[in-house]
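Just below is one structure, and these are the notes that go with it.
The values are calculated or read from the model by the stated rules, or taken from the named source; none is laboratory data. Quick caveat, the model's predicted, so the values are computed rather than measured. Quick reminder, even Gly has a Cβ in these numbers, built from the backbone with ideal geometry, and neighbours come from all protein chains shown. Accessible surface areas use protein heavy atoms only, side chains included; no ligands, DNA or RNA. Shrake-Rupley method; radii C 1.70, N 1.55, O 1.52, S 1.80 Å.
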Amino acid sequence: MMEFDGEFELDGVPPEKAWVVLSDPIAVRDSLKGCAYITPMDDSFEWDSYEPEEDIETLPEADPDEVAARAFRGGQKYAALMQVGVGSVKPKFETTVTIEDRDEEEFVMTATGSGSASGSSFSMESGMHIHPQEEGDGSRIEWWTEADISGRIAQLGGRVINPVANKIVNNFFSDIEAQMTDVEETDSGVTDKIRGMF
């Protein structure tokens, strides 16, 4: 079992705005290096034939109604195709993620997932909690993941895997911060409209 956790500060982005962007599967996909798509799935979903839509707008350009309609939902399963390069190994993981809990009031979301790729597999639990910054008007995001990894990637060990995981997370939050700054600068009641629809 490998454990990853950390905190990330988003200056000038209040928790409710951070929550809206981090609830959008398209914004998350766009910020997650190596992620081809994140889409709701049912029992008839087929990995081989699924073709993701290209160039889907995110906030601030996107229609707030559409962003609210596609937001992560508690109990829903999602298909995510992720390519992660660890050393010389670059498997594409077909990953199933279930949103276990989503608390709109406390800004808490937890998920479980599992995935497999050629010769490697993993299962994980993860979560995030968005707090107001103690000083300033931004957000402090706590996140954690526990992952059980097996196969070829596991053989590389934590010394190789940990820096890769940290890089993915840091890139993700830097990208998310850039997206949120755009929303902050152009916001005209977008956040209130979206929160009202959940």
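Which value, in debye to the nearest 20, gives the size of the charge dipole of the chain about its Cα centre, when Lys and Arg are +1 and Asp and Glu are -1 at the Cβ? Mind showing how you got there, number by number?
On the way: 15 positive and 42 negative charges, 239 e Å.
With Lys and Arg at +1 and Asp and Glu at -1, about 1140 debye.
What share of all Cα pairs of the range 67-153, in percent, falls into each consecutive 10 Å distance bin?
Using 10 Å bins, I get a P(r) of 16, 38, 29, 15, 2 for the range 67-153.
Residue-wise, which Karplus ³J(HN,Hα) couplings in Hz belong to the range 84-96, taking 6.51 cos²θ - 1.76 cosθ + 1.60, θ = phi - 60°, and x for glycine or proline?
Coupling constants for the range 84-96: 10, x, 10, x, 8, 9, 10, x, 9, 8, 7, 10, 9 Hz.
Rounded to the nearest percent, how much of the accessible area of the range 37-131 (1.4 Å probe, protein heavy atoms only) is carbon and sulfur? Please list the in-between numbers first.
Working: 2190 of 5090 Å².
After summing per-atom areas, the C and S share lands at 43 percent.
With θ set to phi - 60°, apply the Karplus curve 6.51 cos²θ - 1.76 cosθ + 1.60 along the range 12-29 and write out the HN-Hα couplings as whole Hz, x wherever there is a Gly or Pro.
x, 10, x, x, 5, 6, 4, 4, 4, 5, 6, 8, 9, x, 6, 4, 5, 4
Could you provide, to the nearest whole Å², the per residue accessible area of the range 52-198 with probe 1.4 Å? Walk me through the intermediate numbers first.
Numbers: 7910 Å² over 147 residues.
Roughly 54 Å² per residue, with all protein chains present.
So what is the relative contact order of the range 19-101, in percent, for Cα pairs below 8 Å that sit 6 or more residues apart?
Relative contact order here is 32 percent.
Quick one: compute the contact order of the chain, relative version, from alpha carbon pairs under 8 angstrom and 6+ residues apart, as a percent.
Values: 359 pairs, mean separation 59.0, N = 198.
The normalised contact order for the chain reaches 30 percent.
Could you point to the residue in 138, 108, 93 farthest towards the positive end of the chain's charge dipole, with +1 and -1 charges on the Cβ of Lys/Arg and Asp/Glu respectively?
93
If I compute mean projected area of the Cα convex hull in nm² from the structure I just sent, which labelled value in [x] 11.2; [y] 12.1; [z] 9.6 lines up?
[x]
Quick query: amide H of residue 76 versus all other amide H atoms, modeled in the peptide plane; which residues come in under 5 Å with a sequence gap of 5 or more or a different chain?
For residue 76, the qualifying residues are 99.
Can you list the lysines whose alpha carbon sits under 20 Å from that of residue 33, skipping same-chain ones fewer than 8 residues off?
90, 92, 167
Can you list the HN-Hα couplings for the range 131-140, worked out from phi with the Karplus curve (6.51, -1.76, 1.60; θ = phi - 60°), rounded to whole Hz and with x for Gly and Pro?
10, x, 5, 5, 10, x, 10, x, 10, 10
Could you name the lysines whose alpha carbon sits less than 17 Å from that of residue 17, not counting residues in the same chain fewer than 8 places away?
The reachable lysines, counting only those whose Cα sits under 17 Å from residue 17, are 193.
Tell me the angle of helix 158-186 to the major Cα principal axis of the chain, expressed in degrees between 0 and 90 and rounded to the nearest ten.
Around 20 degrees separate the two axes.
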